[in-house]
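The values are calculated or read from the model by the stated rules, or taken from the named source; none is laboratory data. Small disclaimer: the values here were computed from a predicted structure and weren't measured. Please note: Cβ atoms are built from the backbone with ideal geometry, for glycine as well, and neighbour counts cover all protein chains shown.
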Amino acid sequence: MYYDKQIDLSSNRVKTTWKIIKDITGKTQSPVTNMKIKSDVGILTNINDIAKAFNIYFANIAKDVNNNSSNMDKAWQSLKRSYPESSSEMKLIPVTEIKVIDIIKSPKHKHSSGYDGISNNILKHCVNYISKPMTFISITL
């Protein structure tokens with residue numbers, strides 16, 4: 001009776017029905033309100049500031065990697081010394097945005113961050129915003 005009345009009084013019955021189903025099954029998702037990220041300017045808590053920080057980071061990462069080419073040369077030389085036998089060929093696999101999204105969504109949900117200070121959970125929440133730039137970076141590097 002209670003749920004019938006909620007549906008009858010609702011202006012959007014389908015939405016209300018799904019809300020009731022989610023409430024009963026315990027599958028409601030509360031919005032992330034306590035998200036924090038450490039950036040060059042300090043700790044960011046505002047969702048728009050966090051989005052801007054991600055945009056700046058991913059827009060500049062290719063330049064930063066190219067500027068550190070001496071480190072890449074050292075790494076390449078180290079690999080050559082470690083594996084002196086030559087390989088016959090190396091194939092590059094085409095990267096699509098769908099594949100990038102799948103890769104970002106594949107790790108377990110963890111709030112702990114890696115050496116870059118970004119947790120898997122934050123990446124998964126931002127996947128729709130970062131998948132295109134990440135695909136572009138993957139293709140151009």
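With the condition kept exactly as written, say whether any residue in region 118-138 is part of a helix (DSSP H, G or I) and modelled with pLDDT under 85.
The answer is yes; a qualifying residue exists.
Would you mind stating whether S113 is without any contact (Cβ under 8 Å) to a residue 12 or more places away in the chain, over 27 Å from D40 (Cα atoms) and of a type in the set (G, A, S)?
no
Step by step: first the residues of region 38-61, then only those that are among the aliphatic types (A, V, I, L, M) and within 20 Å of H111 (Cβ to Cβ), then the one that is surrounded by the fewest Cβ atoms within 10 Å (Cβ to Cβ). Which residue is that?
My answer is I43.
Name the pairs: first residue in region 1-12 and closer than 15 Å to I24 by Cβ, second residue among the polar types (S, T, N, Q) and not in a loop (DSSP other than H, G, I, E, B), Cβ to Cβ under 8 Å, at least 6 apart or on different chains?
Hits for this filter: Q6/T16; I7/T16; I7/T17.
Quick check on region 38-58: of everything there that is touching a helix residue (DSSP H, G or I) at 6+ places or on another chain (Cβ under 7 Å) and either in a loop (DSSP other than H, G, I, E, B) or within 15 Å of F136 (Cβ to Cβ) (or both), which residue is modelled with the lowest pLDDT?
F58
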